[in-house]
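The values are calculated or read from the model by the stated rules, or taken from the named source; none is laboratory data. Please read all numbers here as calculations on a predicted model, not as lab measurements. Don't worry about glycine lacking a Cβ; one is built from the backbone with ideal geometry, like all the others, and counts go over all protein chains shown. Accessible surface is based on the protein model in full, side chains and every heavy atom, while ligands, DNA and RNA are left aside. Shrake-Rupley method; radii C 1.70, N 1.55, O 1.52, S 1.80 Å.
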Amino acid sequence: MEKYLTEKEKALEDDDSSPMTSQSSIESGDENEERGNWSGRLDFFLSCVGYAVGLGNIWRFPYLCYKSGGGAFLIPYVIFLVLCGMPLFFMEVSYGQFASLSPITVWRMSPLFKGVGYGMVIISGIVCVYYNIIITWTLYFLYMSFRAILPWSSCDNSWNSENCYLHSDNETTDENSNSFMWNLTSVGNVTHDLLKYVNTTEMLKNETVKQITPSEEFWENRVLKMTDGIENFGGIRWELLICLVIAWVLVFLCLCKGVKSSGRVVYVTATFPYLVLLILLIRGVTLPGASEGLKFYLIPQWEKLATFQVWGDAAVQIFYSVGMAWGGLITMASYNKFHNNVYRDAMIVPLINCGTSIFAGLVIFSILGFMAQETGDSIEDVVTQGPGLVFVAYPEAVAKLPISPLWAVLFFLMLLTIGLDSQMYRLPSTQSATYILPGRNRPVVSRRRQNPGCHRYLTIFGMFETMTSAFIDEFPEYLRNRKVLFTAGMCFVEFLLGLPCIFEGGIYWLQIMDWYCSTFSLMLLSLTECVVIGWIYGADRFYMDIELMIGYKPTIWWKICWKYITPVVIAFVWLFSVTQLKPVSYGDYQYPSWAIVLGWMLGLVSLVPIPVCMIIAIYKSNEGTILQRIQKLLKPDKSWGPAVEKYRLEYEASKESSSSTGPICISYRTDIVSISDVKKQPEGQNFVL
């Protein structure tokens, strides 16, 4: 048996070995001619890294690590990574690669739960709206950085108020004096309390005076031009409108034109942020006060591990940072070759994500330590999270560095790359249109001649492509030949939905979307995935599917996680999030009741498709009683299985072998697929199932 396993793994390795150049990929060809495949193994791997490593690694993890006990926070963080993050990541990329289908169509494995796929698409669509607003702000800051004097470095600008406070190196603080004490505004975080801020006031001669830093006033009075509430919509911010147009035009051009490349562009987009972070780290640790910032970040405070809040924050951070239930992982994995070692990728990518968070924390806190020394404040006063760190605290620190415009450009260019990379991955384009005619079970392919001199790839915003590809795969006969027009229409709709967020009162609308849209629905979708895979489709059957792809069964640990541990952890995280969720607010501003109701509607809209699709599926299945219809819809559809014909034969053979009395063998030669008795096959070419 071990000999058969060895031979099979060797055959699979040979079949999966993809050259690192696109030209070699052209020679080998795509095994899935209808949808295409990645040119090499590193394309998928680095795309997953870019998708998983996002803004949360830069602006939320360092703050949580400090607040939750420094180095001690890594203990619950790693525990939840193993118990929840890695099992869900492995599960999604496995069934995405197995079926080569997008998030909606992939639910042929259990048609009753097709609404889960629609829920993923809806969440991705909503997040695309406000995520591109963050990209809009980044583009604006990047543009404003190309000048000799940074506009947020002084108080003598038209947008500054009389309360603007610029720290002077000659100023000192004394606890017995009536000096000004100031604090930066905290403007929330992108996953829970985006753009929430708290202004701190101090007493001077029995008078309450609000002191605001130049970077804070630039953010509020110049970039946002905030109104006093959601009721006051204000005027449109024309500069931000231009940046928003640029962002969506970039999305459309990437989706429709693609990039003729050698397959190595992804190496640059995935590694450039690490290069900039390394440069900033080298500069940061050489600044005065950097050691104090690193101490606050790394020195463990073990007593905080006894608090429930620390464990809850760690679980929530893992859940949102790895990228489960958004649909992007499923879509990317669907373009893998069938025998790609997805097990290996699923083990490495979450670990890289975790390491990136820790590495980014070193960069951020070295700068914050310098900033604390410059201002005379403590680390507790300058540490913040979310855009409050990226668009207020960090620009303030950058303004104090020598050649500050250079560091500002580098920082916001890195932020832009990370922001795009967390939405962006490169999918193989195809010059074919695939559709299924009524009454036909096999796909009909309309193929145009492809340029043999290059292999085309699409550089795509991940969440947006998840949304568009899901509908195109679900309705190919209507949309496959109209992909450009459909993509343009979706870009325009998303652009229109984002317009309210660039008005002067738009920050309040953005806060509602981020506060509610994925706080609890994302977890419920993941919980449903675990229940379907572990109990309805069957963990044992899923293990057979994985074995068919990678040549061996993973350790039993993942089966235990999918059936027991991970669902319990998700339920815990969901309960923690719901109990901690308060009505949406923005600093001291309390939203009216109608806005809170609107927020809950946004949160529930991604869950509505689950019962709706169940009802529709039961109604359309007109065979037998309701109970019989449900039982039928719980089972995989007849079309479920690998997309490539030869692998579908192997899949059918594996199902037959599980109930047969004698061993059945499958040849893993690339030119034939045969099923026979062991005794009739040449030794070394077969595997006993």
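Residues are listed down the side, and each one gets a yes or a no for (1) open to solvent by less than 10 Å² (accessible area, probe 1.4 Å); (2) modelled with pLDDT under 85; (3) closer than 30 Å to K553 by Cβ:
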position	(1), (2), (3)
G323	yes, yes, yes
Y335	no, no, yes
F359	no, no, no
Q373	no, yes, no
D377	no, yes, no
D381	no, yes, no
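So, of the residues in segment 282-304 that are open to solvent by less than 30 Å² (accessible area, probe 1.4 Å) and of a type in the set (A, V, I, L, M, F, W, C), which turns out to be farthest from G369 (Cα to Cα)?
In this case the residue turns out to be L287.
Could you pull out every one of the helices (runs of 4 or more DSSP H) wholly within segment 545-637 that has 2 or more residues that are in contact (Cβ under 8 Å) with a residue 24 or more places away in the chain and open to solvent by 40 Å² or more (accessible area, probe 1.4 Å)?
Counting at least 2 such residues, we get 566-580, 593-605, 609-620, 626-634.
Matching residues to (1) modelled with pLDDT under 70; (2) not in a loop (DSSP other than H, G, I, E, B):
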residue: T208; (1), (2): yes, yes
residue: E220; (1), (2): no, yes
residue: E231; (1), (2): no, no
residue: L250; (1), (2): no, yes
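Need the failing condition index for L368 against (1) at pLDDT below 75; (2) open to solvent by less than 20 Å² (accessible area, probe 1.4 Å); (3) of a type outside the set (V, I, T), just the number.
(1)
Only helices (runs of 4 or more DSSP H) wholly contained in segment 427-518 count here; list those with 3 or more residues that are at pLDDT 50 or above and among the hydrophobic types (A, V, I, L, M, F, W, C).
462-474, 483-498, 506-516
Note down all Cβ pairs under 6 Å where the first residue falls in segment 149-174 and is open to solvent by 40 Å² or more (accessible area, probe 1.4 Å), the second is polar (S, T, N, Q) and at pLDDT 85 or above, and they're at least six residues apart or on different chains.
What qualifies is W159/N221.
If I filter segment 126-146 down to residues being in contact with an Asp or Glu (Cβ under 7 Å, 6 or more places away or on another chain) and closer than 14 Å to F495 by Cβ, which single residue comes out as modelled with the highest pLDDT?
Only one residue tops the list, namely V129.
Go through (1) open to solvent by 10 Å² or more (accessible area, probe 1.4 Å); (2) in contact with a Cys (Cβ under 8 Å, 6 or more places away or on another chain) one by one and return the number of the condition P111 breaks.
For P111, the exception is condition (2).
Give the residues of segment 599-631 that are among the basic types (K, R) and farther than 17 Å from G115 by Cβ, sorted by residue number.
None - no residue of segment 599-631 is among the basic types (K, R) and farther than 17 Å from G115 by Cβ, so the list stays empty.
Any residue in segment 10-28 that is open to solvent by 30 Å² or more (accessible area, probe 1.4 Å), closer than 30 Å to R480 by Cβ and either at pLDDT 70 or above or in a loop (DSSP other than H, G, I, E, B) (or both)?
yes
With G263, G293 as the choices, which residue is under 16 Å from Y63 (Cα atoms), of a type in the set (G, A, S) and modelled with pLDDT under 90?
G293
From P395, P405, P350, which residue is more than 30 Å from L101 (Cβ to Cβ) and modelled with pLDDT of 90 or more?
P405
Determine, yes or no, whether L195 is at pLDDT below 90, more than 30 Å from S593 (Cβ to Cβ) and in a loop (DSSP other than H, G, I, E, B).
The answer is no for L195.
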